[in-house]
Amino acid sequence: MALDKDSFITMSDGNRIPVLGFGTYAPEDVPKGQCKAGVKAAIEVGFRHIDGAYLYQNEVEVGEAIREKIADGTVKREEIFCTGKLWVTFHPPELVRQGLEKSLKALQLDYIDLFLIHCPFSLKPGESIIPMDENGKIICHSVDLRATWEAMEACKDAGLVKSIGVSNFNRRQLELILNKPGLKHQPVCNQVECHVYLNQCKMLEFCKSKNIVLVAYQVLGSSRDKWIDQTTPVLLDDPVLLKIGLKYKKSSAQIAVRYILQRDIVVLAKSFTPEHIKQNIQVFDFHLAPEDMQAIDGLNRDMRYLPMKLYAEHPEYPFREEY
Ligand SMILES: NC(=O)c1ccc[n+]([C@@H]2O[C@H](COP(=O)([O-])OP(=O)(O)OC[C@H]3O[C@@H](n4cnc5c(N)ncnc54)[C@H](OP(=O)(O)O)[C@@H]3O)[C@@H](O)[C@H]2O)c1
């Protein structure tokens, strides 16, 4: 079926996830008001899926934007698909619901549509978002991911979230959950870095075989902030994307988004610039021909913008394995 801006994928629990989502992460120095204006602009042009997280420290602004667009009649709550993520300092099962409730309180929402374990590794619980010791090393914590997952299931059963999933999990970590005795709800999705330089074909095949939706972040090549390896190539300057863009009269950003959508992957695209926000949803009036999809497949180099090296020594660091 042809994709349009209201297209969705039905997940394993029967709920629907819109194929195009709006990313809300911005570097620390970006004023939070830009996030609020960005989310409002996104809803105005037709985005219905908003991706947020406790980590981004802007859930107050995301919630205000959503509630203002509901109050002015642009959308109804049930038309918005809002994602939140459990940060790594809330992995002990007794802290999971607390972690979620902090987000709900900041968002001022009664429920969110999708709640993800943000990363498979766990850090010491407490006030600090990234707890470090006096030598500047992260303070790891050991929690069985399956116990965290059971607490996620309880959040769904309590009606605080409609669907539950994971993010940045490798295949082994996904299988750990999938093979858990007594599994009540399987993860509906795995949200991972995925773009033309990291096309995730093996993870995609695995997820499809298990009825797990792949959700792609950094489709536009990331915001290139301090967490990003600055020697990496600028994705939107890629000559192949620019050349294919000329053929379809589209920007490299639109080609990058469309390529991922045509592979049955949900796309997250962040922008707080009104022109870009409009552009990023204008990806449903063209179709990339097989030879162009193939040319873009050829760009893959299994390169991560966000290798999360800070966590590389953690036993549950996900990127040591091939996928
Ligand atoms: N689960 C995870 O661990 C994880 C990790 C990273 C990201 N995410 C989620 O995924 C979302 C997307 O990832 P991201 O924000 O890192 O990167 P991204 O969406 O790949 O790229 C964002 C950057 O692209 C620019 N941009 C957007 N549209 C453009 C256009 N049409 N033309 C030119 N430049 C454009 C933006 O600048 P302007 O704002 O000026 O347009 C911004 O600098 C995040 O916001 C977050 O919600 C999740």
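Considering ALA71, ALA2, ALA41, ALA37, which residue is over 18 Å from the mean Cα position of the chain (by Cα) and farther than 29 Å from PHE286 by Cα?
Numbers: ALA2 fails: farther than 29 Å from PHE286 by Cα; ALA41 fails: farther than 29 Å from PHE286 by Cα; ALA37 fails: farther than 29 Å from PHE286 by Cα.
Every option except ALA71 fails the conditions.
For every residue, the table says whether it meets (1) polar (S, T, N, Q); (2) surrounded by fewer than 22 Cβ atoms within 10 Å (Cβ to Cβ); (3) not in a loop (DSSP other than H, G, I, E, B).
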residue: THR232; (1), (2), (3): yes, yes, no
residue: VAL240; (1), (2), (3): no, yes, yes
residue: ILE244; (1), (2), (3): no, no, yes
residue: LYS250; (1), (2), (3): no, yes, no
Among the residues that make up segment 280-292, is at least one of them open to solvent by less than 10 Å² (accessible area, probe 1.4 Å) and either outside any helix (DSSP H, G or I) or among the aromatic types (Phe, Trp, Tyr) (or both)? yes
Any residue at all in segment 165-178 that's outside any helix (DSSP H, G or I) and either of a type in the set (Asp, Glu) or farther than 19 Å from LYS208 by Cβ (or both)? no
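For (1) open to solvent by less than 40 Å² (accessible area, probe 1.4 Å); (2) without any contact (Cβ under 8 Å) to a residue 40 or more places away in the chain, each residue gets a yes or a no:
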residue	(1), (2)
LYS5	no, no
ILE9	no, no
PRO27	yes, no
ALA37	no, no
GLU44	no, yes
GLY52	yes, no
One residue from ASN199, ASN211 being open to solvent by 20 Å² or more (accessible area, probe 1.4 Å) and either within 20 Å of ARG304 (Cα to Cα) or away from the ligand (no atom under 13 Å from the Cβ) (or both): ASN211
So VAL161 passes all but one of these: (1) β-branched (Val, Ile, Thr); (2) in contact with a Pro (Cβ under 7 Å, 6 or more places away or on another chain); (3) more than 15 Å from the ligand (Cβ to nearest atom). Which condition number does it fail? (2)
Neighbours by Cβ (under 6 Å, 6+ apart or cross-chain): first from segment 271-289, without any contact (Cβ under 8 Å) to a residue 60 or more places away in the chain; second more than 7 Å from the ligand (Cβ to nearest atom): PHE286/TYR248; LEU288/ARG258; LEU288/GLN262
Give me the residue from segment 104-144 that is among the β-branched types (Val, Ile, Thr) and in a loop (DSSP other than H, G, I, E, B) and, out of that set, nearest to LEU176 (Cα to Cα). VAL143
With the requirement that a residue be within 23 Å of the chain's Cα centre (by Cα), open to solvent by less than 60 Å² (accessible area, probe 1.4 Å) and free of Cβ contacts under 8 Å to residues at least 40 places away in the same chain, what does segment 126-167 give you? SER128, TRP149, GLU153
Tell me whether segment 265-277 contains one or more residues that are open to solvent by 10 Å² or more (accessible area, probe 1.4 Å), away from the ligand (no atom under 14 Å from the Cβ) and modelled with pLDDT of 95 or more. no
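The values are calculated or read from the model by the stated rules, or taken from the named source; none is laboratory data. The model shown is predicted, which means the values in this text are computed figures rather than measured ones. For neighbour counting, all protein chains shown are included, and Cβ atoms are generated from backbone atoms with ideal geometry for every residue, glycine included. Calculation scope for accessible area: heavy atoms of the full protein, side chains included, ligands and nucleic acids excluded. Shrake-Rupley method; radii C 1.70, N 1.55, O 1.52, S 1.80 Å.
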